């Protein structure tokens, strides 16, 4: 879809939507099944695209992108009928005799802007919800993952109804032109900085938005815990996709009594996962581009590197790195890292960790590792984050009925499972009544009706 044709293309999509074609559940199921078949048929091509853009190992590419999407599609198809049916609600006496219900109706024509870190999953997963709810959509994959962007465009154009779903490839000019159009919903995944730009553009048309952003997701490690699985789960969650995951643990707050033991256990885990030289490991990816590589390497200047730190600009390689003796005002603690660098800070109590977290912007995720259930609950109840895990990292994303989204600067709105369907639906309130009986109490002249009305209304 060329930039010069954005307005006409959006108008065509709106015409399709207004025809009622996408409202039929049969059409929605057909499109979702076609999308799943395309993912299966094109699996190898998609894996190759992800490797070209990010050096993703096949297991991570499949689990984090293709397999995740197929699971989301299956779950959506299974529950679509129940999500779409009218929701009956109680009707008070004042409106008797009548029937009240909530109808889910599609929003219309929506825009989905995807990021580069999971360039297939994070543009197609919102599409699953948009189609399930009966919308038309335009997808804008990230230009920073060009192979994946091209693969998404080809897959969609060859698979889905061209009257209802279109793909726009390109960079900032194309995205800006798209944002100038009027949409019924804009779904954006990316940085907080760009999220503000998207929000401002959408506000000109009073368009509702879902903003899936990021933040510095903390990992609290208590004094009482099972050390070995803790180290494995933190290292896995952090260095999956080379640390380029919006919910990756951004930093660790470890109890002083466990600091050295945790550092040693994480170092051993890194060697277990990626060998003596992670650069040679088939299970360790690369940084998306040279700009992000330079940004990450700059964090290492003057830092106390406990393990890792090796880097190669030509290969966009940065070893899995753990920093110790980190201070709150260090550069690495000022913004989301979004890469394979894990700062470790020391705390003396869970309450200190809570204060540290609450002194900063609300994160997209929060992780607590402890064998003390009371301490886990204290952290969960006294902090705010988009989501959280106790004794694990990033795995809450795999639970389809847990809403995935941020709070504060980490985002607004949520999706996955039924929450995707709700995001792309309007909840329309409907009261259905009959012409008999027609209670005249509410009609003028009111005369001495006030006392009776007080009893009825309450």
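Each value in this text was obtained by applying a stated rule to the coordinates, not by laboratory testing. Quick caveat: nothing in here was measured; it's all calculated off a predicted structure. In this analysis, Cβ positions are derived from the backbone assuming ideal geometry, glycine residues included, and neighbour counts consider all displayed protein chains.
Some notes on this structure:
- Bridge orientation summary for region 218-405: considering DSSP beta bridges with both residues in this region, about 20 percent are antiparallel.
- Here each label is just a point 7 Å from Cα along the line to Cβ, and for residue 191 and residue 450 those points are 6.3 nm apart.
- Segments 289-296, 218-225 sorted - mean Cβ within 10 Å per residue, highest first: 218-225, 289-296
- Evaluating kT/(6 pi eta Rh) at 4 °C and 1.567 mPa s, with the Kirkwood radius of region 208-281 over Cα pairs in the Stokes-Einstein relation, gives 96 µm² s⁻¹.
- Region 126-165 versus region 52-109: alpha-carbon centroid distance in Å: 18
- Highest average first, the peptides 43-49, 164-170 ordered by how many other beta carbon atoms sit within 10 Å of their residues are 164-170, 43-49.
- Across the chain, the relative contact order, built from alpha-carbon pairs under 8 Å that are at least six residues apart, equals 18 percent.
- Per principal axis, descending, Cα span of region 109-156 in whole Å: 29, 19, 14
- Exposure proxy order (Cβ contacts within 10 Å, fewest to most) of 185, 419, 24: 24, 419, 185
- Based on Cα atoms of region 311-436, Rg over Rh with Rh as the Kirkwood radius reads 1.13.
- Degrees separating the helix 192-203 axis from the principal Cα axis of the chain, which is the longest one: 20
- Neighbour counts of other Cβ atoms within 10 Å put 110, 439 in the fewest-to-most order 439, 110.
- For region 85-119, the residues whose amide N sits under 16 Å from a probe point set 7 Å from the Cα of residue 205 along the beta carbon direction are 107-114.
- Take every pair of alpha-carbon atoms less than 8 Å apart whose residues are at least six positions apart; their mean separation over the length of region 356-421 yields a relative contact order of 33 percent.
- Taking 1.002 mPa s as the viscosity and 20 °C as the temperature, the Stokes-Einstein diffusion coefficient of region 218-405 based on its alpha-carbon Kirkwood radius rounds to 129 µm²/s.
- Size-normalised alpha-carbon gyration radius of the chain, reference 2.2 N^0.38 Å: 1.12
- Exposure proxy order (Cβ contacts within 10 Å, fewest to most) of 373, 90, 362, 85: 90, 373, 85, 362
- In this rough spin-label picture, where each label sits 7 Å from Cα along the Cβ direction, the residue 163-residue 346 distance is 6.8 nm.
- Kirkwood hydrodynamic radius (C-alpha pairs) into Stokes-Einstein, region 15-55, 25 °C and 0.890 mPa s, D in µm²/s: 200
- Angle between the chain longest axis and helix 146-159 axis [Cα atoms, degrees, rounded to 10]: 30
- By the compact-protein rule of thumb, 2.2 N^0.38 Å, the alpha-carbon radius of gyration of region 278-362 corresponds to a ratio of 1.21.
- Using alpha carbons only: equivalent-ellipsoid semi-axes of region 84-171, gyration tensor based, whole Å: 38, 12, 9
- Crossing angle, helix 67-84 versus the chain [Cα axis fit, 0-90 degrees, rounded to tens]: 20
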